[in-house]
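These notes concern the structure reproduced below.
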Amino acid sequence: MADATPSISLRVTAEDFDPGRELARLEGLDGGGIASFTGLVRDDGGLRALRLEHYPAMTQAQIAAVVEEACARWPLLGVTVIHRFGELPVGARIVFVGTASAHRVAALESCAFLIDWLKVSAPFWKQEIRHDGSAGWVEAKGADDARAAIWRQGRLDPI
């Protein structure tokens, strides 16, 4: 565990973000390692946009709980989680996770933990909007659940 309370920045927003700015904030915490993940809306063949809906209080509370668990498991100096909602076109940034620690392993593992758990536990409803005008809700994926289960067992899966 870290000696001091980590600096936490958590945002659920419709607005875009600047990953460089977020990394600079984490670098300013004078750690030895920074890890980050930026997720983009990808085109899975015919996708025009992804619409994310959520209940703000529920979403904020769930993400905060996952961040709190990461801070309890690793000696972190800082954590940033940004998750967007609304209608996001292909190529748009959708999520950012950044972690800072005195050591690279803690930064890397906690970043992977956070993105894996956000994928399965953050209460967002995702709807794919296709170029042909059709739309459909995204179903949960067993592979995402399996990845998160690895963390419950306390071990990493080789990447």
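One residue stands out among those in the stretch 100-118 that are in contact (Cβ under 8 Å) with a residue 40 or more places away in the chain and among the charged types (D, E, K, R): the one that is farthest from E27 (Cα to Cα), which is E109.
When the stretch 115-132 is filtered for residues that are touching a strand residue (DSSP E or B) at 6+ places or on another chain (Cβ under 7 Å) and of a type in the set (V, I, T), the ones remaining, listed by number, are I115, I129. Looking only at residues in the stretch 15-42 that are closer than 30 Å to R130 by Cα and charged (D, E, K, R), the one that is most open to solvent (accessible area, probe 1.4 Å) is R42.
Quick one: is G45 over 20 Å from C111 (Cβ atoms) and open to solvent by 50 Å² or more (accessible area, probe 1.4 Å)?
On the way: over 20 Å from C111 (Cβ atoms): yes; open to solvent by 50 Å² or more (accessible area, probe 1.4 Å): yes.
Yes.
Please pick out the residue among V90, V120, V105 that is of a type in the set (A, V, I, L, M), more than 22 Å from R152 (Cα to Cα) and open to solvent by 20 Å² or more (accessible area, probe 1.4 Å). The match here is V90. State whether the residues of the stretch 148-155 include one that is open to solvent by 60 Å² or more (accessible area, probe 1.4 Å), of a type outside the set (A, V, I, L, M, F, W, C) and touching a residue at least 12 places away in the same chain (Cβ under 8 Å). Scanning the stretch 148-155 turns up no residue that is open to solvent by 60 Å² or more (accessible area, probe 1.4 Å), of a type outside the set (A, V, I, L, M, F, W, C) and touching a residue at least 12 places away in the same chain (Cβ under 8 Å).
The values are calculated or read from the model by the stated rules, or taken from the named source; none is laboratory data. What you are looking at is a predicted structure, and each value in this text was computed from that prediction instead of being measured. Here the Cβ is made from the backbone with ideal geometry for all residues, glycine too, and neighbour counts use every protein chain on show. Areas reflect the complete protein model, heavy atoms only, side chains present, ligands, DNA and RNA absent. Shrake-Rupley method; radii C 1.70, N 1.55, O 1.52, S 1.80 Å.
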